[in-house]
1. For the range 117-141, name all the residues that are out of contact with any Ser or Thr (no Cβ under 6 Å at 6 or more places or on another chain) and either open to solvent by less than 20 Å² (accessible area, probe 1.4 Å) or among the β-branched types (V, I, T) (or both).
2. Can you tell me which condition Q168 does not meet? The list is (1) open to solvent by less than 40 Å² (accessible area, probe 1.4 Å); (2) modelled with pLDDT under 90; (3) not aliphatic (A, V, I, L, M), and all the others hold.
3. Go over the candidates A174, A209, A263, A213 one by one and state the one that is within 35 Å of the chain's Cα centre (by Cα), of a type outside the set (D, E) and under 24 Å from S120 (Cβ atoms).
4. For the structure I just gave you, tell me whether I223 is in contact with a Gly (Cβ under 9 Å, 6 or more places away or on another chain) and among the β-branched types (V, I, T).
5. Can you work out which of the residues in the range 278-291 that are modelled with pLDDT of 75 or more and outside any helix (DSSP H, G or I) is nearest to R121 (Cα to Cα)?
6. Looking only at the range 185-209, which residues are on the phi < 0 side of the Ramachandran plot, open to solvent by 60 Å² or more (accessible area, probe 1.4 Å) and modelled with pLDDT under 85?
7. In the set L178, L144, L157, which member is of a type outside the set (K, R), surrounded by 15 or more Cβ atoms within 10 Å (Cβ to Cβ), at pLDDT below 95 and part of a helix (DSSP H, G or I)?
8. Which is open to solvent by 50 Å² or more (accessible area, probe 1.4 Å), at pLDDT 80 or above and touching a strand residue (DSSP E or B) at 6+ places or on another chain (Cβ under 9 Å), of A263, A309?
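The values are calculated or read from the model by the stated rules, or taken from the named source; none is laboratory data. What you see is a predicted model; the values in this text were computed from it and never measured. No Cβ is skipped: glycine too gets one built from the backbone with ideal geometry, and neighbour counts run over all protein chains shown. Note: accessible area is taken over every heavy atom of the protein model, side chains too, but ligands, DNA and RNA are not part of it. Shrake-Rupley method; radii C 1.70, N 1.55, O 1.52, S 1.80 Å.
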Amino acid sequence: MFRFEDPNYLYLLLILPFLAAFYLYSNYRRRQALRRFGDPVLMAPLMPGVSKYRPDVKFWLVFAAIGLFAFLLARPQFGAKPQIVKRSGIEVLIALDISNSMLAQDIEPSRLERAKRLISRMVDELENDKVGLIVFAGDAYTQLPITSDYISAKMFLESINPSLISKQGTAIGAAVNLAVRSFTPQEGVGRTIIIITDGENHEKGTLEAVKSAREKGIQVNVIGIGTPEGAPIPIEGTRDYRKDREGNVVVTRLNEAMGQEIAKEGNGIYTRADNSNAAQRVISAEIDKLAKADIETTIYTDYNEQFQAVAWLILLILLVELLILESKNPLFKNIRLFSNK
């Protein structure tokens, strides 16, 4: 793994094109000045000590040294080592409903976008905990296996949309069963499943799955997303709404009764999300009550500094530049004359 400790110094590389352009322009002006005195070919024998290429070599060596100096200041680092550390925390599996009804806009900007923002804030609140992400509609899939990498969790969260699952429905039971299987086998750690859904069109077997999770010591909390009054479901890419077979606009409503029943069976709490952050605070406070245990986490540490190699390379380049004379070395000229004799 390669990185720079302070990459802002790499902006110094922007100087190099201007430096090269200035040098090339100076050479052009010098050649133009020489032509005013006569033909360069005829004048060459009059300047036997002048080298045509050595000034260019010296400049490009300095040019390379300046570029490497920017890398030196940025502190290149290479060779991160995996290290297993123990941290006191819990395991959280978030099951997010991504059925089409989550596109309804009875809370701004939509149920799904509000849910994603809520999850993002929940992840920000986690410390030393593990988090996983499951998405469900008519079926359930793991979007992110349980991890301590919160950056990846938020990155995967951004890519979630209803097109990830073609089968429609609200298979909460399947999501709970998948979540139960997704926890680590470590004993003694507090575990919770947080279901975020509007609760519509739930499949059979939901309460049985929640009961099974509770019996394994897993708490199940529910966040209802939407309003009881409901809203129509937009068709993405259009200004129209989804309609039933009779041509009537479908209005999706939050099923709070279902959410409350699930939370009660799962020994957890139910709260409804609105346009504030109240639901996130309520759930965060609830999971803080769970028993924390030492969780083994793999982190990457001990980046090895590589600036020493760059420094030695710069020193070598400058030494070579110093040894190269701009004019031809008369010693070599005398050697050639001696060999001709």
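1. L118, I119, M122, V123, D129, V131, L133, V135, F136, G138, A140
2. (1)
3. Unique residue meeting the criteria: A263.
4. Yes; evaluated as a whole, the condition is true for this residue.
5. So the residue we want is D288.
6. Within the range 185-209, E187, H202, E203, K204 qualify.
7. L157
8. A309
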